[in-house]
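Worksheet: the structure to be examined is printed underneath.
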Amino acid sequence: MTEVEADVVRVVSAIPALLDGHPVGAADYSPESLRVIEAVLEEAGPYWSELPEGELNALVQQFGCYVLEVAHHQFGGEYRWHAEMGQPVLVLGEPTRHIAIATWAKVRRRLKDPADSITFFYEGVAERMATAPPGYRALLA
């Protein structure tokens with residue numbers, strides 16, 4: 001396990017217990033569990049601007065890493081640190097394709113705008129994994 005992967009796993013480790021009993025379902029790292037994350041972000045949305053910056057960053061990082069772990073459970077891949085973005089990315093499809101996923105900005109946008117759907121984003125990732133031709137390269141963020 002790389003250092004980046006260990007950090008992602010550590011950051012998300014509390015989410016299943018934290019969201020245990022949520023009415024939408026369980027946070028079990030399945031693609032369906034993103035509905036739970038979507039619901040939690042919907043609940044937090046009206047209050048994001050009131051959060052201290054450190055708490056907001058922690059929330060964004062925790063739920064962003066959860067989305068990465070869902071993809072990692074479904075597709076495998078390798079975690080890397082994206083220095084320009086200052087966050088972990090999950091690289092999928094190598095060596096024939098290179099589909100990198102970055103999620104922190106996506107979660108932050110979702111907090112601000114309910115139309116910026118995490119589940120829709122993830123469906124796009126899954127579609128790219130299913131249909132991208134050899135040589136395809138993309139950063140999905």
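Taken over the range 1-16, the criterion of being more than 15 Å from Phe63 (Cβ to Cβ) and not acidic (Asp, Glu) is satisfied by Met1, Thr2, Val4, Ala6.
I'd like to check which helices (runs of 4 or more DSSP H) are fully inside the range 1-114 and have at least 1 residues that are in contact with a Phe, Trp or Tyr (Cβ under 9 Å, 6 or more places away or on another chain), open to solvent by 80 Å² or more (accessible area, probe 1.4 Å) and touching a residue at least 12 places away in the same chain (Cβ under 8 Å).
Fully inside the range 1-114 and qualifying: 53-75, 104-112.
The values are calculated or read from the model by the stated rules, or taken from the named source; none is laboratory data. Everything numeric here is computed off the predicted structure, so don't read it as measured data. Please note: Cβ atoms are built from the backbone with ideal geometry, for glycine as well, and neighbour counts cover all protein chains shown. Surface areas here come from the heavy atoms of the whole protein model, side chains and all, with no ligands, DNA or RNA. Shrake-Rupley method; radii C 1.70, N 1.55, O 1.52, S 1.80 Å.
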